[in-house]
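Every read-out reported here was derived from the displayed coordinates using simple, explicitly stated rules and does not represent laboratory data. Note that the structure is predicted; figures quoted are calculated from it, not measured.
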Amino acid sequence: MQFTVMPELPVLPPPEVVSKTDQSISLRIQKPPQTDGDAPFTFQIVRSSRRSPASHSEHGYVYYSWSDSAPFAGKMMPVKGLSPNTTYVFRARVVHEAARQCGEWSPLTPYARTFTEEEDAKRSGTVFEHALKLERAQKTQLQSQISKLTGLLDGGKAAREADSKTQLHEDMLASRRVIDTRLVKLQRELSAQASALQTLKSQRSADEQMITELLNEQEALRTTQSQKQDQVQYELEMQTLRSQLERNEQALHKHQEQVNASHEQITSYEKSLEDKKGEIAQKEQEVERIMADCNRMVQEQADLAHVKQLEVEDALLEAKTSLEQQLDINTYLRDEVMRMREENHHLRNQIDEVDSEIAPKLVRLEDENQQLREQLRRR
């Protein structure tokens, strides 16, 4: 049956493996809250084994070959018809059969391997184990008898060759009868063991069905117990809330008393505040009077400072006038000094010129005097 995938339907968690045999694996589904109640939701499980052909992509991804199962409504689902000693993976989804809708597949379960026949036989019970032990013991005994017969035949080969052919034929017939008798006995025992094995398998299937029913009942009991626990927890919470409400009422009463006391304190504070305001008004009047006195004194000091400033300005003007006169005198004297310096410089130049004119004449006169002295000496 084809279903339409609806993203709004819940996605199941991976199924949980509860029990397994050599040909079946029992799975448990955790129902989401959306599927509880009267909604017509069922579940579907598909499987894939490692022995089934799986294709691989060029990137190494594995594509499983899935086998569908019929939808079911309970939490437990035994998947039967499996192969012994085979590893399987499972996945599940929510199905709405009436609307032909389904949810997304759940994540894959971990690999789950079915038992081998020997493992299943060991698991099924001590009776089957005892039957296997008996069968093995009988096989061992039969092999030992065959080996003994073979030894007897090999050991008495020389004696049988000496006997007549009739005696040899009789011995072979007797040994054959013994072997046939033992084989018939072993076949009967094997058929009895096969019937016992079939009985054990039917009993095991009944046990599996019973286990499935017990697990379903356990889930129902667990759900009922959780509901009862929720009811008990609700009553405990209500008691806790009632006690909390009483404590809150007591705290509210205490708080109301504290508020009344606070109102009384506020009233007293307001009265004291009015008194403080009157005192502050008186202080402000005194401050205004003091400020008026201060302003008057400041004005007087300002007038005195203005008079002093005028006197200082007059003195400064007189000093400025005298300084200007002194500056004019100093300027005149500086000009006279400059003029006299220029005259001295001019006179110095004239003296230098006269010296430059007189010096050669003096040298010439000294030379003439020297010549005259020499002439006088010669005479």
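Points to keep in mind about this one:
- Other-chain or far-sequence residues with amide H under 5 Å of Thr86's (modelled H): Thr114
- Out-of-range pairs (alpha-carbon distance over 25 Å; input Lys75/Lys228; Lys148/Lys185; Lys283/Lys308; Lys31/Lys80): Lys283/Lys308
- 5 angstrom amide H check on Val18, placed H, neighbours 5+ away: Ser26, Leu27, Arg28
- Cα shape, the stretch 199-277, gyration tensor, a/c 1.5 rule: prolate
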